[in-house]
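The values are calculated or read from the model by the stated rules, or taken from the named source; none is laboratory data. Only a predicted model underlies this, so the values are computations on that prediction, with no experimental measurement involved. Please note: Cβ atoms are built from the backbone with ideal geometry, for glycine as well, and neighbour counts cover all protein chains shown. What goes into the accessible areas is simple: the full protein's heavy atoms, side chains included, and nothing from ligands, DNA or RNA. Shrake-Rupley method; radii C 1.70, N 1.55, O 1.52, S 1.80 Å.
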Amino acid sequence: MKIIVSKEIENVCPVFVGAAVEAYCTNSDYCEPMWQEINELGEKFRAELTTETLKDISGIAATRRVYKTCGKDPSRYRPASEALIRRMLQGKSLYQKDTLVDLINLASIAYGYSIGGFDADKFHGDTLTLGIGRAGEPYEGIGRGMINIEGLPVYRDDDGGVGTPTSDNERTKIDINTTHLLVLINGYDGNKENVVANAEFIQRLLRKYAQSDGGCYTIY
């Protein structure tokens with residue numbers, strides 16, 4: 001899959017750096033050892049963060065800045081990483097879906113980046129372009145129905161939007177039969193070292209919990 005960062009994104013975030021992890025793997029309904037990692041991280045967050053200070057995490061702060069620059073209210077359309085950690089700080093459990101979705105959520109909260117996870121066999125075409133959502137652009141968020149993505153960073157394939165930092169699209173979502181995974185890490189803070197570390201963390205999780213060799217990653 002070829003990934004293009006548009007001039008729109010370069011103009012609002014010239015330091016952007018992303019990583020794409022592509023892997024073949026096996027999904028499952030639930031992975032108890034991985035949930036132990038998630039719960040341990042939740043305990044750490046509750047000891048160190050509040051719902052206000054979590055906004056200072058580099059990846060979250062940078063994504064919020066991009067939202068504001070594009071005219072979107074980050075407190076109404078929260079980046080996924082912020083929403084997940086916020087939920088944990090409020091004493092709530094993360095939603096449990098399946099191993100691959102839960103794995104991506106773990107990787108997102110561990111580094112603070114909003115991460116897109118997709119069934120790569122559901123894309124149309126061989127190119128994803130990262131741009132900015134337009135007024136009236138149709139987009140069905142996973143479990144959210146039609147949402148307004150005007151002013152949100154959005155990845156598009158040949159048929160339209162597939163992923164934003166707030167919600168991925170129903171059309172390309174992971175399900176229990178997913179075997180070909182594409183994960184996109186969005187480093188709006190420009191911290192390439194952290195983005196690479198996040199990609200390698202995802203590879204470790206895939207090897208440990210999803211019967212994968214970890215696949216490969218590229219930086220863009």
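Taken over segment 139-151, residues that are in a loop (DSSP other than H, G, I, E, B) and out of contact with any strand residue (DSSP E or B) (no Cβ under 7 Å at 6 or more places or on another chain) amount to 4. Exactly one residue out of Ala107, Ala135 is touching a residue at least 60 places away in the same chain (Cβ under 8 Å) and not charged (D, E, K, R), and it is Ala107.
Which of the residues spanning segment 172-220 are open to solvent by less than 30 Å² (accessible area, probe 1.4 Å) and either without any contact (Cβ under 8 Å) to a residue 40 or more places away in the chain or touching a Lys or Arg at 6+ places or on another chain (Cβ under 7 Å) (or both)? Correct list: Thr172, Gly214.
Determine whether segment 125-146 contains at least one residue that is under 24 Å from Glu200 (Cα atoms), touching an Asp or Glu at 6+ places or on another chain (Cβ under 8 Å), crowded, with 20+ Cβ neighbours inside 10 Å and not acidic (Asp, Glu). Taking every residue of segment 125-146 in turn, at least one turns out to be under 24 Å from Glu200 (Cα atoms), touching an Asp or Glu at 6+ places or on another chain (Cβ under 8 Å), crowded, with 20+ Cβ neighbours inside 10 Å and not acidic (Asp, Glu).
Yes/no matrix, rows are residues, columns are (1) modelled with pLDDT of 95 or more; (2) open to solvent by less than 60 Å² (accessible area, probe 1.4 Å); (3) assigned to a helix (DSSP H, G or I):
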position	(1), (2), (3)
Ile4	yes, no, no
Asn11	yes, no, yes
Pro14	yes, no, no
Ala20	yes, yes, no
Tyr30	yes, no, no
Met34	yes, yes, yes
Ile38	yes, yes, yes
Phe45	yes, yes, yes
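Inside segment 61-77, residues that are open to solvent by 50 Å² or more (accessible area, probe 1.4 Å) and among the small types (Gly, Ala, Ser) make up a count of 2.
Any idea which residue in segment 47-60 is nearest to Leu206 (Cα to Cα), counting only those that are open to solvent by less than 100 Å² (accessible area, probe 1.4 Å) and part of a helix (DSSP H, G or I)? By that ranking, first place goes to Gly59. For segment 152-172, enumerate the residues that are touching a helix residue (DSSP H, G or I) at 6+ places or on another chain (Cβ under 8 Å) and in a loop (DSSP other than H, G, I, E, B). If the condition is that a residue be touching a helix residue (DSSP H, G or I) at 6+ places or on another chain (Cβ under 8 Å) and in a loop (DSSP other than H, G, I, E, B), then Leu152, Asp159, Pro165, Thr166, Ser167 are the ones that fit. Annotation: Leu103 fulfils all but one of (1) open to solvent by less than 20 Å² (accessible area, probe 1.4 Å); (2) in contact with a strand residue (DSSP E or B) (Cβ under 7 Å, 6 or more places away or on another chain); the unmet one is (2).
Looking at Ser6, Ser93, Ser28, can you tell me which residue is in contact (Cβ under 8 Å) with a residue 60 or more places away in the chain, more than 18 Å from Ala210 (Cβ to Cβ) and polar (S, T, N, Q)? Quick ask: steps written out before the conclusion?
Details: Ser93 fails: in contact (Cβ under 8 Å) with a residue 60 or more places away in the chain; Ser28 fails: more than 18 Å from Ala210 (Cβ to Cβ).
Criteria check complete, one pass: Ser6.
Listed by first and then second residue, the pairs with beta-carbon distance under 8 Å, at least 6 apart or on different chains, first residue in segment 64-89 and under 15 Å from Asn186 (Cα atoms), second open to solvent by 50 Å² or more (accessible area, probe 1.4 Å) and in a loop (DSSP other than H, G, I, E, B), are Tyr67/Asp73.
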